[in-house]
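A.B. asks: Handing you this structure, nothing more for now.
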Amino acid sequence: MSSPALVLVGPPASGKTTVGTAVAAARSLPFRDTDRDVEVETGTTIADLFVQQGEPHFRALEERAVARALAEHAGVLALGGGAVTSAATRELLIAYGGAGGTVVWLDVDVSSAARRVGLSRDRPLLAVNPRAMLRAMLEQRAPLYAEVATHPVTTAGRAPEEVVADVLAVLTQETAR
Ligand SMILES: Nc1ncnc2c1ncn2[C@@H]1O[C@H](COP(=O)(O)OP(=O)(O)OP(=O)(O)O)[C@@H](O)[C@H]1O
Ligand SMILES: O=C(O)C1=C[C@@H](O)[C@@H](O)[C@H](O)C1
Ligand SMILES: [Mg+2]
């Protein structure tokens, strides 16, 4: 059993994969992404899982993947954008944060997120009217990210390098405590 050096939460296109990969490289830590874990476990893509099995099935797999990664991954862990919609996952994250873990919420505004998503079709929930979906997601989920986060970090209008520097500073500050 181990626990992550850092957990990243945030909406789609907030930069979890981009920032998480860079932070992990800077600290020589392994990077893990629960979306990827679910894809490896099922041998399919998240987009196909949504279409073929439905969102509730994906959410159940995601809940298990998050619990497993929180228990065994010692590096940087990025969660799927909607992972915090599970009360069980929020409880695990709050316990991890309470025990000294670091949960960074990468916050983003609707316009930046919409621009970053562009015409990508990899995100099933954003396949139709991405801007309106992002707006609703950001509004509904902000309190959930806030509930589990130990450190909010804004990414709106900021280059990935700036966000990476902020997250590294959070880690340095937490290690010194
Ligand atoms: N701070 C930033 N400024 C501008 N573009 C960014 C920033 N962070 C990430 N991006 C770009 O936005 C896109 C989405 O980023 P990324 O895949 O890291 O987000 P994510 O949070 O992992 O999304 P998902 O929840 O879908 O996995 C990528 O093309 C990335 O290069
Ligand atoms: O925001 C969401 O609900 C999602 C985000 C992605 O990371 C994937 O987990 C999936 O596309 C659902
Ligand atoms: Mg990602």
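A.B. asks: Would you pick out the residues in region 6-37 that are more than 12 Å from ligand 1 (Cβ to nearest atom), touching a residue at least 24 places away in the same chain (Cβ under 8 Å) and part of a helix (DSSP H, G or I)?
C.D. replies: Here is the first cut: in region 6-37, the residues more than 12 Å from ligand 1 (Cβ to nearest atom) are 6-7, 24-30, 32, 37.
Pick out the ones that are also touching a residue at least 24 places away in the same chain (Cβ under 8 Å) and you get 6-7, 24, 26-27, 29-30, 32, 37.
Those that are more than 12 Å from ligand 1 (Cβ to nearest atom), touching a residue at least 24 places away in the same chain (Cβ under 8 Å) and part of a helix (DSSP H, G or I): 24, 26, 37.
A.B. asks: Right, residue 66: within 17 Å of the chain's Cα centre (by Cα), buried (at least 16 other Cβ atoms within 10 Å of the Cβ) and within 13 Å of ligand 3 (Cβ to nearest atom) or not?
C.D. replies: no
A.B. asks: Still on this structure, please answer the following. Of all residues in region 1-57, which are near ligand 2 (Cβ under 10 Å from one of its atoms), surrounded by fewer than 20 Cβ atoms within 10 Å (Cβ to Cβ) and of a type in the set (Val, Ile, Thr)?
C.D. replies: The answer is 17, 45.
For every residue, the table says whether it meets (1) within 16 Å of residue 70 (Cβ to Cβ); (2) in contact (Cβ under 8 Å) with a residue 60 or more places away in the chain; (3) among the polar types (S, T, N, Q).
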{"position": "84", "(1), (2), (3)": "yes, yes, no"}
{"position": "96", "(1), (2), (3)": "yes, yes, no"}
{"position": "118", "(1), (2), (3)": "no, no, no"}
{"position": "124", "(1), (2), (3)": "no, yes, no"}
{"position": "128", "(1), (2), (3)": "no, no, no"}
{"position": "153", "(1), (2), (3)": "no, no, no"}
{"position": "164", "(1), (2), (3)": "no, yes, no"}
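A.B. asks: Return a yes/no flag: does region 42-53 have any residue that is under 20 Å from residue 13 (Cβ atoms), within 16 Å of ligand 1 (Cβ to nearest atom) and of a type in the set (Gly, Ala, Ser).
C.D. replies: Looking through region 42-53, at least one residue is under 20 Å from residue 13 (Cβ atoms), within 16 Å of ligand 1 (Cβ to nearest atom) and of a type in the set (Gly, Ala, Ser).
A.B. asks: Please work out if residue 78 is within 12 Å of ligand 3 (Cβ to nearest atom), crowded, with 19+ Cβ neighbours inside 10 Å and not charged (D, E, K, R). Talk me through it step by step, then tell me what you get.
C.D. replies: Working: within 12 Å of ligand 3 (Cβ to nearest atom): yes; crowded, with 19+ Cβ neighbours inside 10 Å: yes; not charged (D, E, K, R): yes.
Here the answer is yes, as residue 78 does meet what is asked.
A.B. asks: Would you be able to tell me the number of residues in region 131-161 that are part of a helix (DSSP H, G or I) and more than 18 Å from the chain's Cα centre (by Cα)? Don't jump to the end; show me each part of the working.
C.D. replies: Narrowing region 131-161 to residues part of a helix (DSSP H, G or I): 131-148, 160-161.
Among the residues that remain, those that are also more than 18 Å from the chain's Cα centre (by Cα) are: 131-132.
Summing the residues that are part of a helix (DSSP H, G or I) and more than 18 Å from the chain's Cα centre (by Cα) in region 131-161 gives 2.
A.B. asks: Further question on the same structure: Can you pull out every residue in region 101-120 that is outside any helix (DSSP H, G or I) and under 29 Å from residue 73 (Cβ atoms)?
C.D. replies: Residues of region 101-120 outside any helix (DSSP H, G or I): 101-109, 118-120.
The answer is 101, 102, 103, 104, 105, 106, 107, 108, 120.
A.B. asks: Pull up region 81-100, narrow it to residues that are part of a helix (DSSP H, G or I) and in contact with a Lys or Arg (Cβ under 9 Å, 6 or more places away or on another chain), then point me to the one that is surrounded by the fewest Cβ atoms within 10 Å (Cβ to Cβ). Can you show your working first?
C.D. replies: At the first step, the residues of region 81-100 found to be part of a helix (DSSP H, G or I) are 83-85, 87-98.
If we keep only those that are in contact with a Lys or Arg (Cβ under 9 Å, 6 or more places away or on another chain) as well, we get 83-85.
Numbers: 83: 23, 84: 25, 85: 16.
The qualifying residue surrounded by the fewest Cβ atoms within 10 Å (Cβ to Cβ) is 85.
A.B. asks: Okay, next question. Could you list, in sequence order, the residues of region 146-163 that are crowded, with 17+ Cβ neighbours inside 10 Å, of a type in the set (A, V, I, L, M, F, W, C) and more than 14 Å from residue 103 (Cα to Cα)?
C.D. replies: Once the filter is applied, which keeps residues that are crowded, with 17+ Cβ neighbours inside 10 Å, of a type in the set (A, V, I, L, M, F, W, C) and more than 14 Å from residue 103 (Cα to Cα), region 146-163 yields only 163.
Coordinate-derived values only; no laboratory data. As the structure is a computational prediction, the values presented were derived from the model and not from experiment. With ideal geometry, Cβ positions are generated from the backbone for all residues, glycine too; neighbour counts draw on all protein chains shown.
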